[in-house]
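Here the structure is laid out as structure tokens; the discussion comes afterwards.
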Amino acid sequence: MAWFLARRAVALVLTLWAASLVVFVVLEVLPGDPALLILGVGAREDTLAALRESMGLDQPAWARYLNWVGGLLTGHMANSLTYDVPVPALLGPRLAVSGPLALLALTLAVALALPLGVLAAARRGRATDVTVMGVSQLGVAVPNFWLGLLLVLVFAVGLRWLPSGGFPGWEAGLGPALAALILPALALALPQAAILARVTRSAVLEVLGEDYMRTARAKGLSHAEALWHHGLRNAMIPLVTIMGLQFSFLLAGTIIIETVFTLPGIGRLMFQAIGQRDLVVVRDLVVLLAATVGVVNFLVDVSYALLDPRLRHGRAGVADE
Amino acid sequence: MGPTKPSRPARALASTLAALAIGVSTLAAGATSALAEPPDSLVMGLVLEPPHLDPTAGAAGAIDEVVYANVFEGLTRIGPDGAVMPALAARWDISEDGTVYTFHLRRDVTFHDGTAFTADDAAYSLQRAMDEDSVNAQKGLFAAIDSVVALDGYTLIVELSHPLARLPFNLGWGDAVMVAPETAETNKTAPVGTGPFRFVRWVQGDRVELEAYPDYWGKAPALTTATFRFIPDPTAAMAALMAGDLDAFANMPAPESLPALDADPRFTVVIGTTEGETILAMNQRRAPLDDIRVRQAIAHAIDRQAVVDGAMFGHGTPIGSHFAPHHPAYVDLTSVTPYDPARARALLAEAGIDPGGLTLTLHLPPPSYARRGGEIVAAHLAQVGIGTRIIPVEWAQWLEQVFRGHDFDLTIVSHTEPLDIGIYARGDDYYFGYENPAFNAVMDSLQATLDEPARARLYGQAQRLLAEDAVNGFLFQLAKHGVWNARLRGLWENSPVQANDVTGVSWAE
Amino acid sequence: MSEPAAGPATRPSGWRLGVGGWLGAAIALGVAMTAALSLVWTPHDPAAMTMADRLQGPSALHPLGTDHFGRDTLSRLMAGARVSIAVSLVAVGLGAGVGVPLGLLAAARRGWIDEAVMRFNDLAFAFPVLLTAVLVTALLGPGAVNAILAIALFNIPVFARVTRGAALSIWKRPFIQAARLAGRGRPRISLDHVLPNIGGTLIVQGTIQVALAILAEASLSYLGLGSRPPEVSWGRMLNEAQTFLFLSPRLALLPGLAIVVTVLGLNLLGDALRDRLDPRLRPRPGDT
């Protein structure tokens, strides 16, 4: 298992390195001079040159690449071109919005999907199953940003229960802050929950057909007990895979959902930074997101090892019997 | 379901989801009670968040919208009516030949860090803006200045290379505010000025908070705190006003929402003026736009009122040249190239262009006046047989490709600097590349003329030249859509500069 | 999830697609026909503006009302179907055009080529999909063609992975070994024997990818990065409708419904085809 994880870790590092190179090259060819954007149409050439020099934009590309990667590794990231503050200082408050939002969404998705999926599997072919599967089929087809608009229409415009967007800040208190996150989290969670419910159902169904489940039933365990003690753990393996993948979907989803709800989070920062040609923020954010996705996938691999005894003991063929 | 009853589908959907949301509503109830504001504070919504808070180091109007006159002050200032007024300089004298200005500074002014404001600070501020490595976005404002000398603690001598009647006006811009040498470098994140409000904090992505500065030299403001919240999305802006999260929105981004707000007794809606001449700029370097007949054809093809109606929901004044209609020297020249598709087709035929034989690029920056206005202009041009290829761009790209690269045929942009007709004298350097010696001569005489009626005549000549040359498609003057709580007093109705001076704001009993 | 399914779901036999499959096929066909019809006929010119008629409710003249420029919503929905579907089909086609050969190559050669293809896949998967698309369109500028490229780009690794996986299992079959012994080259075997045998798998994956591409195009256009005026797409209509949420919610509801119904139809069809053509394929929501 150590060998397996080490290989995955090396692959993660190589992937991130390649990602940093790709991002850097892509941003090099993006049109748009950040100095001109900051100084605007009234600026004169000498002023622009002075600003470019102070931002280090006059250095050759390879030097800027090395500076950047060096800064990432040592934690000395450059200042945002538009906000002129170090990127970590900029990211902190944004993470305090996007992090809880993604967690809330993931929690909602899992809390909805697992019971529904298991229920559908247990009632296979019956009305409950058909209903859950039908609704989830619909859920998969709904664009999350449109769902966001609908939620705003109902709960903010129609009922006026919740804010239609914006974020009061955590210092405004837990209630207002959570209230601002509920609709965006729901918009992110519901389509994901639909996918997760479908996967849960088929994973549980597959487990129900396994030999050890029949053995467990034969040993006198009830259907529910057998499912609980033996089934869920095995069903968790595909589920953890999907949840890992969904995490990267949630991250990407924040770009669009934070735009719908004007939340000051990572996703909107990224979208703004691309528009403003704030290359420093864009490249740091892209690498940060790629690293997050990579680490989450790595953790998924680790959890396989923990969930699957065959991998845990480093040998194949010993089933959980 | 008609457009007047937006809540019906919402209610129908809602009833099915109501049970789920009951728990949520208790949270929301907590939210509203926490937002009850004492009557000596103001929460104002702005569309754009400033990139930083130093008006001397960036072009973003959003910087001035927060700090101008609130946190920072200059030697002079521009008042609500657009006129130049004394600020940190109580008065000034001009030498006979118009090249030496002597500014007499106020003696009771302190920066927010407690240090006194003296002529040395003033000399430093101007010198810093003029310096070789200055990053001032409007360095041109100071181009005529030869030297700046502090004669004594409260007298500043400014020597010019040539007479410049508008120097006091120039020094009233946000780019010319006074800063202290000790804090100049940190003003971007922690601005220290001399204004009635001092900086408290900036929650990036959300808001800037200011509080009254107790040692302010002038009349103390009625407000104890002023908060600027940044809400780029029109829907969110509307919702925040409706929910009472905001007391005012300086300039609502969505004119379509104004009728609903106007009908609501809680709000006052005031349509004011801005300095924004919105134009369809044409690249004169490129054939066939170098042909005056083609430019006239384009001007005749556009129904200005339809653009105002469609893009701005009726708010905005059609213009026929590059000049603000509320300025005393304004001349209405919309009749020089009225909407006349038949005339446009005839002009194109005269220029040898067949219907459908011309396709132009149309670069559109993000604001809705450009994106929506551009769609309408494209439809109008299509009616006279001119095809367009719409290219939506972000500001960074617009600046690089259009403004500096001159790589465009048509673009729509609003020129928001006050009294900026002089850009047409910049010749080939400027993005639309207009060159006319006669126009430049008018501008030169303006610079040397101090007499107001004579200046107005010259401005009139300049406007007429631009209209007759059909330099650009002159569309409309941007309106300012102010929305605020009906009990608020003292907000600016117009925008002579991009600023939200809240010094005089108070709540009615 | 490489184990064959233990047969939990009741699988339709023969040519039958089941109720869902037929419903999905009917929806997909209906949308495709609407898109085709819009090429020759719409009730009104979808681009014709009449400021006096803006934001009208449904009427005999405009069955679904008008938008903020007085344009006919029904005509725009029909024209929008054309753009949304064309963008998705071409994007998925391009993605498959590159991804399938890559997957075939990886499966046929193994070794370092396989390793290189799989590492490229890892790299592509390290970037969240929408992020890639946003970066690509920011780089190339908004527009339908660039949206196609952005969506095609993230379809490549999906097809490469699915093709490689399916092809590897075919290469183990005895008849391939026989062809090898008969002296046929790997490229020939890939084209003559492997590709036809994984066709079903690819069609199923393709259907699902088209559904995802429609969602992606809508997201990009909603952010203002996809189709640009005067092109109409459902995502663009949603983008334009957002500021009218208070005034005219209908404008935001209708294009969204069109997207939901279309994607639902394609997913139903894809699921039915999977059961029909390739029972070994399991749902892989991560494959986008």
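Odds and ends about this structure:
- Residue with peak Gaussian network fluctuation, chain A [Cα springs, cutoff 10 Å], from A:Leu37, A:Leu104, A:Leu285: A:Leu37
- The dipole here belongs to segment A:2-74: it is taken about the Cα centre, uses +1 on the Cβ of Lys and Arg and -1 on the Cβ of Asp and Glu, and is about 500 debye.
- Centre separation in Å (Cα based) which lies between segment A:200-228 and segment B:252-287: 66
- Backbone amide hydrogens, once placed in the peptide plane, bring B:Phe474 within less than 5 Å of B:Leu280, excluding anything fewer than 5 places away on its chain.
- Projecting the Cα atoms of B:Phe403, B:Met252, B:Leu458 onto the charge dipole of chain B, computed from C-beta unit charges around the Cα centre, puts B:Met252 farthest toward the positive end.
- Between chain A and chain C, roughly 4100 Å² of accessible surface gets buried, counting both sides and using a 1.4 Å probe.
- Taking only Cα atoms of segment A:90-275, radius of gyration then Dmax in Å: 19.1, 64
- Under the Debye formula (equal points on every Cα, no solvent term), log10 I(q)/I(0) of segment B:275-478 at q = 0.19 Å⁻¹: -1.44
- Positive-pole candidate from A:Gln272, B:Met44, C:Gly57, dipole of the protein assembly as shown, charges at beta carbon: C:Gly57
- For chain A, the longest principal axis of the alpha carbon atoms and the long axis of helix A:127-141 meet at an angle near 20°.
- Of the Cα atoms belonging to segment C:119-252, the radius of gyration and Dmax stand at 20.4, 72 Å.
- Beta bridges per DSSP, both residues in the protein assembly as shown: antiparallel share near 75 percent.
- Shielding by partners - mean other protein chain Cβ count within 10 Å, residues of B:149-160: 0
- Projected over every direction and averaged, the convex hull enclosing the alpha-carbon atoms of the protein assembly as shown yields 48.0 nm².
- Ignoring aspartates and glutamates fewer than eight residues from A:Lys219 along the same chain, the ones with Cα atoms less than 13 angstrom from its Cα are A:Asp211, A:Glu321.
- For B:Thr274, residues with placed amide H under 5 Å, excluding near neighbours: B:Lys480, B:Ser495
- Taking a ≥ b ≥ c as the square roots of the eigenvalues of the Cα gyration tensor, chain B is oblate, since a/c reaches 1.5 or more and a/b is not larger than b/c.
- Computed across chain A, the Kirkwood hydrodynamic radius from all distinct Cα-Cα pairs reaches 22.7 Å.
- If only the Cβ of Lys and Arg carry +1 and only the Cβ of Asp and Glu carry -1, the dipole of segment B:275-478 around its Cα centre is close to 360 debye.
- Residues in chain B average 37 Å² of solvent-accessible surface per residue, probe 1.4 Å, ligands and nucleic acids excluded.
- Summed residue charge, Cβ within 13 Å of B:Pro288's Cβ, Lys/Arg positive, Asp/Glu negative: -1
- Taking the accessible area of the protein assembly as shown, probe 1.4 Å, and keeping the other protein chains in place, the carbon and sulfur fraction comes to 61%.
- Ratio of Rg to Rh over segment B:435-509 (Cα coordinates, Kirkwood Rh, two decimals): 1.19
- The Cα-based radius of gyration of segment A:2-74, divided by its Kirkwood radius, gives an Rg/Rh of 1.19.
- Helical mean residue ellipticity (222 nm; -39500 (n - 2.57) per DSSP H run of 4+; nearest 500) of chain A: -24500 deg cm²/dmol
- Counting heavy atoms of the protein chains alone, C:Phe154 has an accessible area of about 20 Å² for a 1.4 Å probe.
- Cα gyration tensor category, rounded, prolate or oblate, for segment B:266-345 with a/c compared to 1.5: prolate
- Mean projection area, nm², convex hull over Cα of segment B:123-191: 5.0
- Assuming charge only on the beta carbon of Lys and Arg (+1) and of Asp and Glu (-1), the dipole of segment A:90-275 about its Cα centre is about 340 debye to the nearest 20.
- Taking every alpha-carbon pair within segment B:385-475, the share separated by more than 21 Å comes to 40 percent.
- The amide H of C:Leu64, built 1.01 Å from its N in the peptide plane, has C:Ser59, C:Thr73, C:Leu74 as neighbours under 5 Å, considering only residues 5 or more places off or on other chains.
- Of all lysines in the structure, the ones whose alpha carbon falls short of 20 Å from that of B:Lys139, not counting any fewer than 8 places away in one chain, are B:Lys188.
- Computed over chain C, the per-residue total of -39500 (n - 2.57) for DSSP H runs of n ≥ 4 gives a 222 nm mean residue ellipticity of -23000 deg cm²/dmol, rounded to 500.
- Chain C: Rg to Rh, with Rh as the Kirkwood radius over Cα pairs: 1.05
- For segment A:2-74, the residue among A:Val26, A:Leu73, A:Ala9 whose Cα projects farthest onto the positive side of the dipole built from Cβ charges is A:Ala9.
The values are calculated or read from the model by the stated rules, or taken from the named source; none is laboratory data. None of these values were measured; they are calculated from a predicted model. Cβ: placed from backbone, ideal geometry, glycine included. Neighbour counts: every protein chain shown. Heavy atoms of the whole protein, side chains included, go into the accessibility calculation; ligands, DNA and RNA do not. Shrake-Rupley method; radii C 1.70, N 1.55, O 1.52, S 1.80 Å.
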